[in-house]
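This report refers to the structure that appears directly beneath it.
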Amino acid sequence: HVQLVESGGGLVQAGGSLRLSCAVSGGTFSMYGMGWFRQAPGMEREFVAGISLNGDRTNNTDSLKGRFTISRDNAKNTLNLQMNSLKPEDTAVYHCARSSRGFYSLASYYDYWGLGTQVTVSS
C-alpha cells in the first residue's frame with residue numbers, strides 16, 4: 001500500500017522560504033519518478049517540478065525556475081521542494097505524487113498522490 005504524506009507547509013511572508021517534504025511508504029521509492037503539483041482555490045492543478053529516479057535530472061516549470069528546487073533522498077524515501085522568494089501567487093495546496101511514466105508534467109502520468117500541504121504567502 002503506497003502512501004505519500006506531505007509536510008512543511010505554513011504561512012510565510014512574501015520573500016520568505018519554505019521547504020516541503022513528502023514521506024513515501026510502500027513500494028520501492030527509488031524505482032519511480034516523482035513530482036510536485038499545486039492547486040490554488042478556483043484554479044486548475046499546476047505542475048511544479050519533477051525529478052528522475054536517482055535525482056540526476058529534473059523537470060521544472062519555467063515560471064518557477066530559479067525559485068523552486070526539487071530534490072529527493074532515496075535512502076530516506078523522501079521528496080523535497082525548496083521554495084525561495086515566495087510570492088502571494090504561490091499560495092496553494094502542494095501535492096507530491098509518484099509517477100508511473102517518467103517525471104513529466106502530465107498529471108495523468110502520476111498514479112499515487114498525497115493529500116497535500118497548505119502554503120500561504122502573505123503580502
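Annotations
- Filter result (buried (at least 16 other Cβ atoms within 10 Å of the Cβ) and over 16 Å from the mean Cα position of the chain (by Cα)) within the stretch 1-26: VAL12
- Options GLN82, GLN39: the member that is in contact with a Leu (Cβ under 9 Å, 6 or more places away or on another chain), under 24 Å from SER122 (Cβ atoms) and surrounded by fewer than 17 Cβ atoms within 10 Å (Cβ to Cβ): GLN82
- When the residues of the stretch 85-95 are filtered to those that are assigned to a strand (DSSP E or B) and of a type outside the set (Ser, Thr, Tyr), the one that is least open to solvent (accessible area, probe 1.4 Å) is ALA92.
- Out of VAL48, VAL2, sole residue that is aliphatic (A, V, I, L, M) and under 21 Å from GLN118 (Cβ atoms): VAL48
- Among residues of the stretch 96-123, those that are touching a Gly at 6+ places or on another chain (Cβ under 7 Å), open to solvent by 30 Å² or more (accessible area, probe 1.4 Å) and in a strand (DSSP E or B), counted: 1
- Count - residues of the stretch 65-105 that are out of contact with any strand residue (DSSP E or B) (no Cβ under 9 Å at 6 or more places or on another chain) and closer than 13 Å to MET34 by Cβ: 1
- Inside the stretch 8-52, residues that are assigned to a helix (DSSP H, G or I) and free of Cβ contacts under 8 Å to residues at least 40 places away in the same chain make up a count of 1.
- Any hit, the stretch 47-60, residues being acidic (Asp, Glu) and surrounded by 16 or more Cβ atoms within 10 Å (Cβ to Cβ): no
The values are calculated or read from the model by the stated rules, or taken from the named source; none is laboratory data. Keep in mind the model is a prediction, meaning the values are calculated, not measured. Ideal geometry is used to build each Cβ from the backbone, glycine not excepted, and the neighbour counts take in all protein chains shown. Heavy atoms of the whole protein, side chains included, go into the accessibility calculation; ligands, DNA and RNA do not. Shrake-Rupley method; radii C 1.70, N 1.55, O 1.52, S 1.80 Å.
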